[in-house]
1. Examine the range 172-191 for a residue that is closer than 26 Å to ALA283 by Cα and in a helix (DSSP H, G or I), and state whether such a residue exists.
2. Taking the conditions exactly as written (open to solvent by less than 10 Å² (accessible area, probe 1.4 Å) and among the basic types (Lys, Arg)), does LYS264 satisfy them or not?
3. Taking the condition of being part of a loop (DSSP other than H, G, I, E, B) and either buried (at least 22 other Cβ atoms within 10 Å of the Cβ) or within 16 Å of the ligand (Cβ to nearest atom) (or both), how many residues in the range 68-98 meet it?
4. If we keep just the residues of the range 99-111 that are open to solvent by 60 Å² or more (accessible area, probe 1.4 Å) and modelled with pLDDT of 90 or more, which is nearest to the chain's Cα centre (by Cα)?
5. Identify the residue in the range 137-171 that is within 16 Å of the ligand (Cβ to nearest atom) and among the charged types (D, E, K, R) and, among all such residues, is least open to solvent (accessible area, probe 1.4 Å).
6. Name the residues in the range 234-276 that are in contact (Cβ under 8 Å) with a residue 60 or more places away in the chain, within 12 Å of the ligand (Cβ to nearest atom), at negative phi and part of a loop (DSSP other than H, G, I, E, B), would you?
7. Are any of the residues in the range 100-108 within 16 Å of the ligand (Cβ to nearest atom), touching a strand residue (DSSP E or B) at 6+ places or on another chain (Cβ under 6 Å) and closer than 20 Å to THR244 by Cβ?
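The values are calculated or read from the model by the stated rules, or taken from the named source; none is laboratory data. What you see is a predicted model; the values in this text were computed from it and never measured. Heads up, the Cβs are rebuilt from the backbone with ideal geometry, glycines too, and the neighbour counts pull from every protein chain shown. We work out accessible area using only protein heavy atoms, side chains counted, and drop any ligands, DNA or RNA first. Shrake-Rupley method; radii C 1.70, N 1.55, O 1.52, S 1.80 Å.
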Amino acid sequence: MQQADFCPIVDLNQALADLLTQARQMPISGKVADYIPALSQVAPNRLGIAVATLDGKVASAGDAAVPFSIQSLSKTYALTMAMQLQGDELWHRVRMEPSGQPFNSIVQLEWEQGIPRNPVINAGALVIADVLASHYSASINSFLMFIRRLTDCQSIYIDPKVYASEQQHGSRNAALAYLMKSFGNIQSEVPLVLEQYFHQCSVAMSCEQLARSFLYLANRGQDPVSGEQICSRKDAHRVNAILTTSGMYDQSGEFAFTVGLPAKSGVGGGIVAVVPNYGVIAAWSPPLNSFGNSQLAMHLIRALAEQLGLSVY
Ligand code: GLU
């Protein structure tokens, strides 16, 4: 496959360390998520970045090896799995349009008869969780095994404190799931769907592991390290398209405008950006802006993308 024309960088580790030093001078703006209380326990000054490239190398700086709560980043893995299971049928149950609403909004769902706008707002992710829960007898285990396969790391785990906290404060997600059930768009029992969804949000991973695990999306569905075809080329294209239009919550347009990469954000402060034909950038800083995106992680990805000329546009 032809490599795209990216600006060469002699020492990527050094470039990332320099970016982090600059970012540390910036005032910390934003607030660590606390609507799931376990998330508020994380130190706000954590900062890490990792870049995995298609040749299997990983460069990193700062807290890049520290696991944190992946939250909505998990929606990317679950979507990839559900697409393999349901094929085109899936798109009758969830659409592929930006929502223009907050990630956990309930209003749109009622107008639109229980069909979520896309698979990365919470309503859509619950439909995806339902696909997994309805198909597998032990869906949480299958989900964890999928991530372990993508990272080649058996130690990736679900944080039980985050899970308990998600469950205790998950009434809004329960409301979304029951509303969709009333429209016939949830097949399993709602508690089972929520169990899948809360577990997947509670997986802990580091920037290094996240960057490694998304490589198949930068390589047309094939893991460039193991050579394994994780999903079809068409599905990799579709996941990237959804990340571009909806992966950064209600700031996806601005992210495309300023950075120009498919990306997924999570309320744990992580952001993963896919650079087709090059690799993956994962950055982490817990304080979030008003859209729910990590301010400093966005800054780091934007600065690196500019330096290396990574925009897909
Ligand atoms: N577990 C979170 C929730 O459902 C995930 C949200 C996110 O990261 O966007 O509220």
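1. No: the range 172-191 contains no residue that is closer than 26 Å to ALA283 by Cα and in a helix (DSSP H, G or I).
2. Details: open to solvent by less than 10 Å² (accessible area, probe 1.4 Å): yes; among the basic types (Lys, Arg): yes.
It is true that LYS264 is open to solvent by less than 10 Å² (accessible area, probe 1.4 Å) and among the basic types (Lys, Arg).
3. 3
4. VAL107
5. Once the filter is applied, the top-ranked residue is GLU166.
6. Passing the criteria: GLY247, GLY266, VAL267, GLY268.
7. No, because not a single residue in the range 100-108 is within 16 Å of the ligand (Cβ to nearest atom), touching a strand residue (DSSP E or B) at 6+ places or on another chain (Cβ under 6 Å) and closer than 20 Å to THR244 by Cβ.
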